[in-house]
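> Handing you a structure now.
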Amino acid sequence: MAKKVLVLGELREGILRNVSFEAIAAGKKIAAGGEVTAVLIGKSVKDQANELFQYGADRVVVVEDDQLEHYTPDGYSQAFMAVVNQEEPEGIVFGHTALGKDLSPKIANKMSAGLISDVTAIEEVNGEFTFTRPIYSGKAFEKVVSTEEPLMITIRPNNIDSLVKDASKTGNAETMTVEIKDLRTIVKEVVTKASEGVDLSEAKVIVAGGRGVKSAEGFEPLKELADVLGGAVGASRGACDADYCDYSLQIGQTGKVVTPDLYIACGISGAIQHMAGMSNSKVIVAINKDPEATIFNVADYGIVGDLFEVVPLLTEEFKKIKV
Ligand code: FAD
């Protein structure tokens with residue numbers, strides 16, 4: 001049966017995150033021919049609506065308010081719930097991002113709805129949807145069905161393909177006025193860490209370094225390789241603990257969970273806590289001088305060797321392919 005579905009258009013520093021477009025594609029799937037409405041929340045964000053139409057949103061509802069400039073659970077839930085009350089959706093899709101993980105349970109609670117989180121795949125058989133989600137830090141997957149409406153899910157970035165962008169598409173975003181009040185927290189200032197290049201959680205290629213990189217300078221060849229491949233640099237906790245790089249790069253159980261198309265692990269042993277964050281990458285290449293390193297158990301391609309010899313060679317070869 002065709003459903004009415006809402007998806008959150010999530011912004012970071014004023015730019016729509018890719019997971020918003022993936023959420024539209026997921027929304028289209030569960031809408032089964034019904035209407036997908038993207039919700040944009042923030043201060044002066046209406047300009048972003050066109051891109052949501054171009055990625056397949058049927059409608060875009062915008063809630064703007066000065067108090068929504070930065071994310072707060074109270075502000076965003078008031079704005080989102082106002083749209084929910086107006087639209088009465090049968091399905092809702094959020095990205096499984098820091099913001100989505102915070103907001104979605106609050107909305108589910110307000111709607112007395114269930115929530116299927118961290119969905120990596122959606123299958124439809126005879127009109128019933130099955131959602132795949134990793135459990136036990138990615139060591140197993142479970143398939144879940146929802147027994148009630150509204151159906152609420154969060155989707156893991158980089159797992160559900162967005163629709164092909166149609167740059168010729170435009171639409172009229174609908175503005176909704178919502179009285180935002182009684183905020184229990186107010187963000188006075190956001191101090192961002194200087195970050196270079198591609199966002200780790202949405203990167204299609206990640207070159208990650210471990211304790212085997214041996215120093216902060218040791219990360220330079222990894223950065224060069226990541227640059228050539230248009231990717232991001234990540235790290236094991238071993239490398240972060242040793243102060244070779246910032247904790248914002250940490251991948252794993254207590255770091256970021258990533259699912260790039262290509263993950264190149266350099267000088268990383270493959271501790272279970274690290275693998276919890278990267279073992280669902282589509283293709284894993286491991287470079288390690290120890291042929292017995294555990295990382296080779298999950299690697300699709302293994303290179304036994306010194307990373308300081310192998311990584312520059314790979315960079316040179318990829319440069320030739322790019323030319
Ligand atoms: P090591 O285990 O020291 O491995 C270094 C590797 O580099 C070795 O395999 C070595 O053979 C190789 N090497 C050395 N020199 C070279 C060279 N020149 N060329 C090629 N290879 C070389 N870890 C995470 O990563 N993420 C997490 O989120 C995380 N969370 C944790 C949570 C808890 C509660 C606990 C207890 C631990 C957690 N850890 C986490 C830590 C984890 O257990 C490991 O200690 C850590 O992942 C090890 O990092 P590493 O592989 O870089 O270092």
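The values are calculated or read from the model by the stated rules, or taken from the named source; none is laboratory data. Since the model is a prediction, treat every value here as computed from it, not as a measurement. Every residue, glycine among them, receives a Cβ derived from its backbone with ideal geometry; neighbour counts consider all protein chains shown. Note: accessible area is taken over every heavy atom of the protein model, side chains too, but ligands, DNA and RNA are not part of it. Shrake-Rupley method; radii C 1.70, N 1.55, O 1.52, S 1.80 Å.
> Of the chymotrypsin sites (Phe, Trp or Tyr not before Pro) in the range 74-147, which ones lie in a loop per DSSP and count no more than 12 other C-beta atoms within 10 Å?
Values: sites: Tyr76, Phe80, Phe94, Phe129, Phe131, Tyr136, Phe141; in loops: Tyr136.
Hits after loop and neighbour filter: Tyr136.
> Please pull out the direction-averaged projected area of the range 208-283, using the convex hull of its alpha-carbon atoms, in nm² to one decimal place.
On the way: hull surface 17.0 nm².
For the range 208-283, averaging the hull's shadow over all directions gives 4.2 nm².
> So how much slack lies between Ala271 and Phe308, counting 0.36 nm per residue of separation and subtracting their Cα-Cα distance, in nm? Could the numbers behind the result be given before it?
Numbers: separation 37, 0.36 × 37 = 13.32 nm, distance 2.14 nm.
Length difference between fully extended and current span is 11.2 nm.
> Quick one: which residues, 5+ away or cross-chain, put their amide H under 5 Å from the amide H of Leu151? H built at 1.01 Å from N.
Here Gly91, Ile92 satisfy the definition.
> Let me have the 222 nm mean residue ellipticity of the chain computed from DSSP H runs of 4+ only, each contributing -39500 (n - 2.57), with the sum over all residues rounded to the nearest 500.
Details: 9 runs with 90 residues, N = 323.
Value at 222 nm, helices only: -8000 deg cm²/dmol.
> Counting Lys +1, Arg +1, Asp -1, Glu -1, what net charge surrounds Gln253 among other residues with beta carbon under 15 Å of its beta carbon?
On the way: positive: Lys139, Arg237, Lys256; negative: Asp118, Asp241.
Net of charged neighbours comes to +1.
> Follow-up question, since we're still on this one. Report Rg/Rh for the range 278-319, rounded to two decimals, where Rg is the Cα radius of gyration and Rh the Kirkwood radius.
Details: Rg = 10.9 Å, Rh = 10.9 Å.
Rg/Rh for the range 278-319 comes to 0.99.
> At 7 Å along the Cα-to-beta-carbon direction for both Ser248 and Asp65, put a label point, then send me their distance in nm to one decimal.
2.9
> Could you work out the equivalent-ellipsoid semi-axes for the range 2-149, taking the square root of 5 times each eigenvalue of the Cα gyration tensor, largest first, in whole Å? It would help to have the intermediate numbers written out before the result.
Working: eigenvalues 117, 58, 45 Å².
Semi-axes, largest first: 24, 17, 15 Å.
> Using a 1.4 Å probe over the heavy atoms of the protein chains, calculate the carbon and sulfur portion of the accessible area of the range 258-323 as a whole percent. Before the final figure, lay out each step's value.
Details: 1980 of 3420 Å².
Here carbon and sulfur together make up 58 percent of the probe-accessible area.
> Then there's this: Per the 1.4 Å probe, what fraction of the accessible area of the range 1-147, in percent, lies on carbon and sulfur atoms? Don't skip to the end; give the middle numbers.
Details: 2680 of 6060 Å².
That fraction is 44 percent.
> Tell me the carbon and sulfur percent of the accessible area for the range 178-235, rounded to whole percent, probe radius 1.4 Å.
About 51 percent, which is the carbon plus sulfur part of the accessible surface.
> Using the Karplus curve 6.51 cos²θ - 1.76 cosθ + 1.60 with θ = phi - 60°, work out ³J(HN,Hα) for each residue of the range 172-188 in order, rounded to whole Hz, and write x for Gly and Pro.
Each residue of the range 172-188 in turn: 9, 6, 9, 8, 10, 8, 10, 7, 8, 9, 6, 5, 8, 9, 10, 7, 7 Hz.
> To the nearest µm²/s, what D does Stokes-Einstein give for the range 157-230 at 37 °C and 0.692 mPa s, using the Kirkwood radius over alpha carbon pairs as Rh?
Working: Rh = 17.8 Å.
In µm²/s, the coefficient rounds to 184.
> Compare Gly212, Gly270, Gly127 in a GNM of the chain, Cα atoms joined below 10 Å, and give the one with the largest fluctuation.
Gly127
> With every protein chain left in place, what is the accessible area per residue of the chain in square angstrom, probe 1.4 Å? All intermediate terms of the calculation are to be shown ahead of the outcome.
Details: 15770 Å² over 323 residues.
Per residue, the chain has 49 Å² of solvent-accessible surface.
> Continuing with the same structure: Label points 7 Å out from Cα along the Cβ direction at Asp102 and Val283: separation in nm?
3.7
> Follow-up. How much length, in nm to one decimal, is gained on full extension between Lys204 and Glu123, taken as 0.36 nm per residue of separation minus their Cα-Cα distance? Intermediate values should be presented prior to the final figure.
Working: separation 81, 0.36 × 81 = 29.16 nm, distance 2.33 nm.
Roughly 26.8 nm would be gained on extension.
> What's the longest uninterrupted piece of the chain once you rule out the GluC sites (Glu not before Pro) that are loop residues per DSSP with at most 11 other Cβ within 10 Å?
On the way: sites that count: Glu13, Glu148, Glu179, Glu189, Glu196, Glu292.
Counting only loop sites that pass the neighbour cut-off, the longest clear stretch is 14-147.
> Using Cα springs under 10 Å in a Gaussian network model of the chain, which residue among His96, His274, His70 shows the largest mean-square fluctuation?
Taking springs between Cα atoms under 10 Å, the residue moving most is His70.
> Continuing with the same structure: With bins 10 Å wide starting at 0, give me the P(r) of the chain over every alpha carbon pair, in whole percents.
Each 10 Å bin holds this share of Cα pairs: 6, 25, 29, 23, 13, 3, 0.
> Please go through the range 64-161 and write out the trypsin sites (Lys or Arg not before Pro) that DSSP classes as loop and that have at most 16 other C-beta atoms within 10 Å.
Numbers: sites: Lys101, Lys106, Lys110, Lys139, Lys143; in loops: Lys139.
Within the range 64-161, the qualifying trypsin sites (Lys or Arg not before Pro) (loop, at most 16 other Cβ atoms within 10 Å) are Lys139.
> Nearest 0.05, what FRET efficiency do Glu149 and Asp47 give at R0 = 35 Å with Cβ-Cβ as r? Before the final figure, lay out each step's value.
On the way: r = 33 Å, r/R0 = 0.95.
Rounded to the nearest 0.05, the efficiency is 0.60.
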